[in-house]
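> Structure provided below as structure tokens; questions to follow.
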Amino acid sequence: MSVNVLLPLALYYALRAQGTAQWQALLLSGVIPAAHALGSAVVRRRVEFFDFFVVVLLAISAATSLISGDPRVLLLKDAGLPAVLGLWILGTLGVSRPFAFTFGGALRDRAGAEAAELAWRDRPEFREALRGLTVVWGCGQLLDAALSTVAALTLPVDVVPVIGRFQSVALLGLVAVITVRRSRGFHARHGISLFGVRATAEEPQAEVAVRP
């Protein structure tokens, strides 16, 4: 939030208050998340796709904006990342484990991971629920990209950065609420968790994972 939302916004409006041109303020404020992505790659000693994409997107939009003189080109870069992310999330529906299952792996302990694998193998409703949440997350990102594109092309340039950032946070929050509600509803109906680290206390994990 600090690196990708608050600091770029603060820098943009501080520069604008000093009379900096719109395209220059947008370019300089976009350097913060790009520098963070590069720094993360150096610390991890490997380059993640989305870190690389952030840097490349900024470079391309900056070069295009310099040539055209249009600050809206730089605004359009904010639609590029959620567009690619949304397509990637939806693309995981065609692989062995969709995005929602992989995301849940970060929340499970070893026993929970084993129970989730059993549930994925034996429970079609478990697979359907996680695929459904994958669609929700992917479509949420694509909606963010679409709204960001419309805003970049139609709204006054100086209001787009703040609207776009909080729009993204609001959509992310909405998707999170939908995820929590669906997860709780699934647990209430079927007795197993989509994302939790442990089974319910009333019954062993193996029984929860494969109970018909």
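> Would you say Leu87 is over 19 Å from Gly173 (Cα atoms), surrounded by fewer than 16 Cβ atoms within 10 Å (Cβ to Cβ), under 19 Å from the mean Cα position of the chain (by Cα) and modelled with pLDDT of 90 or more?
Here the answer is yes, as Leu87 does meet what is asked.
> If you don't mind, another one. Please count how many residues of the range 74-111 are over 29 Å from Ala62 (Cα atoms) and acidic (Asp, Glu).
Qualifying residue count, the range 74-111: 1.
> Scan the range 15-36 residue by residue and report those that are within 20 Å of Gly164 (Cα to Cα) and either at pLDDT below 75 or loosely packed, with under 13 Cβ neighbours inside 10 Å (or both).
Ala17, Ala21
> Follow-up question, since we're still on this one. Is it the case that some residue within the range 141-150 is over 16 Å from the mean Cα position of the chain (by Cα), touching a residue at least 12 places away in the same chain (Cβ under 8 Å) and closer than 25 Å to Leu194 by Cα?
There is no residue in the range 141-150 that is over 16 Å from the mean Cα position of the chain (by Cα), touching a residue at least 12 places away in the same chain (Cβ under 8 Å) and closer than 25 Å to Leu194 by Cα.
The values are calculated or read from the model by the stated rules, or taken from the named source; none is laboratory data. What you see is a predicted model, and the numbers here were worked out from it, not measured in a lab. Cβ atoms come from the backbone with ideal geometry, glycine included; neighbour counts cover every protein chain shown.
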